[in-house]
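Data block below; observations after.
What follows draws every value from the coordinates through simple rules; no lab data is involved. The shown structure was predicted, so the numbers you read here are calculated from the model rather than taken from an experiment. Note that we place each Cβ from the backbone using ideal geometry, even for glycine, and neighbour counts take in every protein chain shown.
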Amino acid sequence: MSDKANILIIEDEEAIRTGLIDVLIFHGFSTDFAADGNSGLDKALTGKFDLILLDVMLPGMDGFAICEAIRKEDREQPIIMLTAKTADEDIIQGLQLGADDYVAKPFSIAQLILRIQAVLRRSGLTQEADHIIELGSTKKNNYIQIDTRNLSAIKDNNDIHFTRREMDILLYLSNNTDRPVPRDELLNKIWGYAKNLDIETRTVDIHVAKLRRKMENDPSNPCHLVTIRGAGYRLMVD
Ligand code: CA
């Protein structure tokens, strides 16, 4: 076994696929690939990969269905979607289905490598943190108990499941409840992006929206994970 990060590329366009393989090997990664959706999902579920690069438009199963199926089995597997540049709805859908990040085609190699390295740099927040986070109160009918190690929560006797990335956001906010946390700080601390990069913050917003749908009684009027206008996101502990 080598200690190189192993990346699965699920991409049907041969020119892009072989280009990706060359570039990733050049940058010190090992790779495997699939050229259609079904064999891609099969490899994703049976292999051991540090990261999956997942195209949206594929013969057989599409990238969204694959992302959803992977997340059902494994909430920790890092996934970057390869989306068409103009297709905003692709980006949003991919992130909603559990992708950690996206790269829009046509992408620059430098940008792609940066994002891969960022996703591979696990924050490791979860291991160090307190086990249980409690928010709200039973009196206000908004109590939720979050188990950070199991990536889960209990709310109204229902089990909620989070991805690793979602939990990292919650943990970071829970360690900074005295202030709103700006979106670029979350991109830096959770996604590992360097500061001053012109990277869209929509990835953060979509993850926050997903968290709200899971945690809040009324996601459009959140009481736990609130927006402080012009300042960022804040987790309310009382
Ligand atoms: Ca394609």
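From the Cα gyration tensor of segment 6-120, with a ≥ b ≥ c the square roots of its eigenvalues, which class applies: rounded if a/c is under 1.5, or else prolate if a/b is larger than b/c, or else oblate? Rounded is the answer for segment 6-120, as its axis ratio a/c remains below 1.5.
Label reach from Glu89 (point 7 Å along Cα→C-beta): in segment 27-66, no amide nitrogen lies under 12 Å.
Our coupling estimate for segment 104-115, obtained by passing each phi through the Karplus curve with A = 6.51, B = -1.76, C = 1.60 and θ = phi - 60°, is 8, 7, x, 9, 7, 4, 4, 4, 4, 4, 4, 5 Hz, Gly and Pro reported as x.
Its Cα gyration tensor gives the chain an equivalent ellipsoid; the semi-axes, largest first and in whole Å, are 32, 19, 17.
Taking amide hydrogens as placed 1.01 Å from N in the peptide plane, the amide H of Tyr102 sits under 5 Å from those of Met81, each at least 5 positions away in sequence or on another chain. Close Lys pairs in the chain (alpha-carbon distance under 13 Å; sequence gap of 8 or more, or different chains): 4.
Taking the three principal axes of the alpha carbon atoms in segment 125-235, the coordinate ranges are 43, 30, 23 Å, sorted in descending order.
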